[in-house]
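Asks: Handing you this structure, nothing more for now.
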Amino acid sequence: MIEQHAGDLVYLKPTTKIEPLCARWMAWPHLISPVQHALNILYRQLPIMKSFVANPAIHVAASRDAKFLCAPFLHLKAADLAQVKSLLEYAATECAPMLQFAQDWLKFDRLVHDNAKGYSLDEFYARIPPSLAGLVELTYDVNNHPHLRLIEELVYDDALPNAFTQEFMFFDSPDVDRKFFLNTPRLDGPDRHIAKLEFRDRRFDVVARSRTEPTSFAAIAQALQLDEAGRASMRRFFTDEPPLRIDPAYVGSEVRVRYFGHACVLIQTADTSILIDPTTASERDDGKARLTFDDLPDRIDYVFLTHNHQDHFCAEVMLQLRHRIGTVLVPRNNVQSIADPSLKLTLRSMGFERVVVMDPLDTVDLSDGCITSLPFYGEHADLSINSKHGMYLQIKGRKLLFLADSDCSDPALYRRLAARTGKVDVLFIGMECHGAPLTWLYGPYLSAPATRKDDESRRLSGSDSDRAWAVVEQVGCTRSFVYAMGQEPWLKHLLGLQYEADSVQIVESNRFVERCREAGIPSERLNGCREMII
C-alpha cells in the first residue's frame, strides 16, 4: 500500500521524460520480449559497444554528422568509455544466460535448416541445447522447409528472465536532443535519475498519475523506494504547477478526431474514446506540438496497436498511460517466426491486464459503433510477420479507415475488404514509401546473413502514390489524410527521419494528395497536431 500525504502535492514537469530501459538501452517492444532481447544484445548491442571501446574516435566523429544519426555508431563522447566498458561487463556476466540462449538459438536453427531434408525431425530433439530444451517444437511447412517454433508463453515462465534488466530513467531534455533508440545506450549522469523498478510494477502508476493528478511527493518517493539522496535527485523533475490541459474530455454530439502526430490518433464521442498507436509530444508549443500527452483523456476505453514497431507501440508512452487504459487491442502474431513476438505476452509482462488479440475481420462492439481488424500488406521487409492490422471504425454513423504503414502491393485485398466494409468516409494511410532495409530492425534474427542486394531491396516501406491511390479506388473514401510520416521533431529519437523537399517520401505523398484533390477528394499530408470534427 502506497502511503498518501496531503501536503507537498506535485506534478511531473511536462518537460520531464521517463524512458524505460532494458540493460540501459531504451526499451522498445523487442527488448521487452525475452528472446528478441537476447538476440539484440548479442548481435546488435555488444558489437556496437565493442567497436566503441576499440576506437571511440570513429564513433565520436560519426555522431557529429547528421547523416549517421541512425547508423551503428554510439553517439557518445570519449569520456564515456569507462561506462561503456561497464555495460559490456554487465552484459557478459549478468546477461550470460540470455547470451547463451541467443547463441544456441541461431546455431541450432542453422543446424536444422542445413540438415533436415524432409525426413522425420525426431532425431533433432536429442540435439536441442539445454537452454532451448522444452521451449521449441520442430516442424516442417508444406514445402518441407524446417522451422523452430518457439513456445513463447514458457519463455516468460522463468525460462529466460529479463525483467531484472528493467529500469526507468528520469531526465529533463528537449525531445530533439534525445539519443537514437537503436544505437546508443543510456548512461548515468548528473542530469538524470535512474530508478530500479520492473515495468510491471504497479508502483510506477503512482508516478505516472502525477503527470496530470496532484500527487504527494512522499508517495512518489515511497513508490520508487528513494533514500534521502534519491529524493533530492528526483525532486527537480516535479513542479507545484498543474499542467495546461486542453479539453481532454469530449462531451459533444459529434465525433472528435485529435491527431497527436505521426500515427497517433484519438477518436472521441461522448461515450467512447479510442487511441491508436500512442506517441505524443511532451512539450507544448505554438507550432507542431499544439497537443501533448497532457491533453489525452483521463480514461481511454481502447488502445489499438497496429503493429510491433517502436513508433507505433511506444513502451514509454504506454507505460505512462497504463492506469488510464481499459483494453488494448492487438493483432495475433506468427508463432513460427522469431521476428514476430507476441504483443499480448509483451503487454502482459508490462502489467497490462486487459489485452484482446484480434484476428483479421474480428470486431469489437462499442456503444455507438464497432472496431474491426483489417489485414494489411507491407512494411515488414517481406518477413512472415502476422502481427499487423489496420483499423476500420464505424462510430456514430461515420466510417474511418486507418491503414498505418500499409503497402498496397495487391489492390485486390482492398477490393475484398471494401466488399465487407462498404465505402468509407475518411482514409488515413502511411506513405513512408522508402523505408529502412531489412537488417536495420530485423538483422539480429536472421540465421543466415542477408546479401547487400537483398537487404537493399527488402525494406520497411509503405505505399507510394500509385499504391496509395489504388487503395482510394477500392475503398472509395470522401476524404484522405497521409499520416505516419515521422516528421514531427519529438519522434527523432524513434525514427531518425530527416526529409528534404525532394525526398522520395515527400514527392510521392505530394503526388498522392494532388491526385486526390484533382478527383474532388479533400486530402492533405498531416504534420504536427490537429483537431477535427468528423
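The values are calculated or read from the model by the stated rules, or taken from the named source; none is laboratory data. All figures in this text were calculated on a predicted structure; none of them were measured in a lab. Counting neighbours? That spans all protein chains shown, and the Cβs are built from the backbone with ideal geometry, glycine included. Calculation scope for accessible area: heavy atoms of the full protein, side chains included, ligands and nucleic acids excluded. Shrake-Rupley method; radii C 1.70, N 1.55, O 1.52, S 1.80 Å.
Asks: Leaving out ligands and nucleic acids, and using a 1.4 Å probe, what accessible area per residue does segment 427-534 come to in Å²? Don't skip to the answer; put the middle values down first.
Replies: Values: 4500 Å² over 108 residues.
With all protein chains present, segment 427-534 gives 42 Å² per residue.
Asks: Give me the net charge of PRO129's neighbourhood, meaning all other residues with Cβ under 14 Å from the Cβ of PRO129; Lys, Arg count +1, Asp, Glu -1. Walk me through the intermediate numbers first.
Replies: Values: positive: LYS107, ARG110, ARG127; negative: ASP104, ASP109.
Charge balance near PRO129 sits at +1.
Asks: Sorted from largest down, what three extents in whole angstroms do the Cα atoms of segment 13-79 have along their principal axes?
Replies: Largest first, segment 13-79 extends 35, 32, 23 Å along its Cα principal axes.
Asks: Hey, another quick one. If you plug each phi of segment 462-476 into the Karplus form 6.51 cos²θ - 1.76 cosθ + 1.60 with θ = phi - 60°, what whole-Hz ³J(HN,Hα) values come out, in order, with x for Gly and Pro?
Replies: Per residue, the Karplus-derived 3J(HN,Hα) values read x, 7, 8, 5, 5, 6, 5, 5, 4, 5, 4, 4, 7, 8, x Hz.
Asks: Further question on the same structure: Take the Cα gyration tensor of segment 1-133, multiply each eigenvalue by 5, square-root it, and list the three semi-axes largest first, rounded to whole angstrom.
Replies: Ellipsoid half-lengths, sorted descending, are 37, 25, 14 Å.
Asks: Let me ask something else. For ASP286 paired with ILE151, estimate the spin-label separation in nm (one decimal), with each label point 7 Å from Cα along the Cα-to-Cβ line.
Replies: Going by the 7 Å Cα→Cβ label model, 6.2 nm.
Asks: Then there is this: Which FRET efficiency value, to the nearest 0.05, is calculated for ILE521 and GLU353 with the Förster distance at 35 angstrom and r the Cβ-Cβ distance?
Replies: Details: r = 42 Å, r/R0 = 1.19.
After rounding, the FRET efficiency stands at 0.25.
Asks: With Rg and the Kirkwood Rh both taken from Cα atoms, where does Rg over Rh land for the chain? All intermediate terms of the calculation are to be shown ahead of the outcome.
Replies: Numbers: Rg = 23.3 Å, Rh = 24.3 Å.
Radius of gyration over Kirkwood radius for the chain works out to 0.96.
Asks: Right, another one. If packing is taken as the average count of other Cβ atoms within 10 Å, what order do 527-534, 452-459, 471-478, 266-273 fall into, highest mean first? Write down the numbers at each step before the final one.
Replies: Details: 527-534: 16.2, 452-459: 14.2, 471-478: 19.0, 266-273: 20.9.
The most tightly packed comes first, giving 266-273, 471-478, 527-534, 452-459.
Asks: Turning to a different aspect of this structure: Say the cut-off is 23 Å between C-alpha atoms; which of LYS67/LYS179; LYS107/LYS388; LYS77/LYS492 go over it?
Replies: Working: LYS67/LYS179 14 Å; LYS107/LYS388 29 Å; LYS77/LYS492 20 Å.
Where the Cα-Cα span goes over 23 Å, the pairs concerned are LYS107/LYS388.
Asks: So, one more: So who's got an amide H within less than 5 Å of the one on GLY496, skipping anything under 5 residues away but keeping other chains? H placed 1.01 Å off N, in plane.
Replies: For GLY496, whose amide H was placed from the backbone, there are no distant partners under 5 Å.
Asks: Shifting gears a bit: Work out the charge dipole of segment 69-113 with +1 on the Cβ of Lys and Arg and -1 on the Cβ of Asp and Glu about the Cα centre, then indicate which of LEU69, HIS113, LEU88 is farthest towards its positive end.
Replies: LEU69
Asks: Right, next: Taking H as built 1.01 Å from N, whose amide H comes closer than 5 Å to the amide H of MET431, not counting residues under 5 places away?
Replies: Amide H neighbours of MET431: TYR483.
Asks: Another question, if that's okay. Under a point spin-label approximation (7 Å from Cα along Cα-to-Cβ), what is the VAL142-ASP298 distance to one decimal in nm?
Replies: Taking the two extended label points, one gets 5.4 nm.
Asks: Ok, one more. Per 5 Å bin, what percent of the C-alpha pairs of segment 152-297 does each bin hold, from zero upward?
Replies: 2, 7, 13, 16, 17, 17, 13, 9, 4, 1, 0
Asks: Taking all protein chains in place and a 1.4 Å probe, what share, in percent, of the accessible surface of the chain do carbon and sulfur account for?
Replies: On the way: 10540 of 21320 Å².
Carbon plus sulfur share of accessible area: 49 percent.
Asks: State the three equivalent ellipsoid semi-axes of segment 333-428, derived from the C-alpha gyration tensor as the square roots of 5 times its eigenvalues, in descending order and whole Å. Numbers along the way, then the final one.
Replies: On the way: eigenvalues 116, 77, 19 Å².
Output for segment 333-428: semi-axes of 24, 20, 10 Å.
Asks: Could you give the length gained by full extension between ASP368 and ALA232, i.e. 0.36 nm per residue of separation minus their alpha carbon distance, to one decimal place? List each step's numbers first, then the result.
Replies: Working: separation 136, 0.36 × 136 = 48.96 nm, distance 4.87 nm.
Full-extension gain reported as 44.1 nm.
Asks: Ok, one more. In terms of modelled amide H atoms, which long-range or inter-chain residues lie less than 5 Å from the amide H of ARG332?
Replies: Amide H to amide H, under 5 Å and 5 or more residues apart or across chains, ARG332 pairs with MET358.
Asks: While we're here: I'd like the Karplus ³J(HN,Hα) series for segment 286-295: coefficients 6.51, -1.76, 1.60, θ = phi - 60°, whole numbers in Hz, and an x wherever there's a Gly or Pro.
Replies: Karplus values, whole Hz, x for Gly and Pro: 8, x, 6, 8, 7, 10, 9, 3, 5, 8.
Asks: Also, I was wondering about something else. Of ALA404, THR16, PHE512, which is farthest on the positive side of the dipole of the chain, counting Cα position, with +1 on Lys and Arg Cβ, -1 on Asp and Glu Cβ, and the Cα centre as origin?
Replies: Checking the options against the dipole of the chain, the answer is PHE512.
Asks: Considering only the other residues whose Cβ falls under 15 Å of the Cβ of ASP466, what net charge follows from Lys and Arg at +1 and Asp and Glu at -1? Working shown, then result.
Replies: Numbers: positive: ARG467, ARG511, ARG515; negative: ASP407, ASP410, ASP464, GLU473, GLU508, GLU514, GLU518.
Around ASP466, the surrounding residues sum to -4.
Asks: Starting from the Cα-Cα distance between ARG511 and GLU473, subtract it from 0.36 nm times their residue separation and give me the gain in nm to one decimal. It would help to have the intermediate numbers written out before the result.
Replies: Working: separation 38, 0.36 × 38 = 13.68 nm, distance 1.54 nm.
This chain segment gains 12.1 nm when fully extended.
Asks: Give, in nm to one decimal, the length gained when the segment between LYS453 and ARG420 is fully stretched (0.36 nm per residue of separation minus the Cα-Cα distance).
Replies: 8.0 nm
Asks: Quick one: Debye curve from the C-alpha atoms of segment 56-197, no solvent, what's log10 I(q)/I(0) at q = 0.17 Å⁻¹?
Replies: Per q value, in the given order, log10 I(q)/I(0) is -1.01.
Asks: Can you give the convex hull volume per residue for the Cα atoms of segment 398-519, as a whole number of Å³? All intermediate terms of the calculation are to be shown ahead of the outcome.
Replies: Numbers: hull volume 16.6 nm³, N = 122.
About 136 Å³ per residue, rounded to a whole number.
Asks: Let me ask you something else. Output wanted: per-residue J couplings in Hz (rounded whole) for segment 187-198, from phi through Karplus 6.51 cos²θ - 1.76 cosθ + 1.60, θ = phi - 60°, x for Gly and Pro.
Replies: 9, 5, x, x, 9, 9, 10, 10, 9, 7, 7, 5
Asks: Here's a follow-up. Counting Lys +1, Arg +1, Asp -1, Glu -1, what net charge surrounds GLU89 among other residues with beta carbon under 14 Å of its beta carbon?
Replies: Numbers: positive: ARG24, LYS50, LYS85; negative: GLU94.
Once all neighbours under 14 Å are counted, the net charge is +2.
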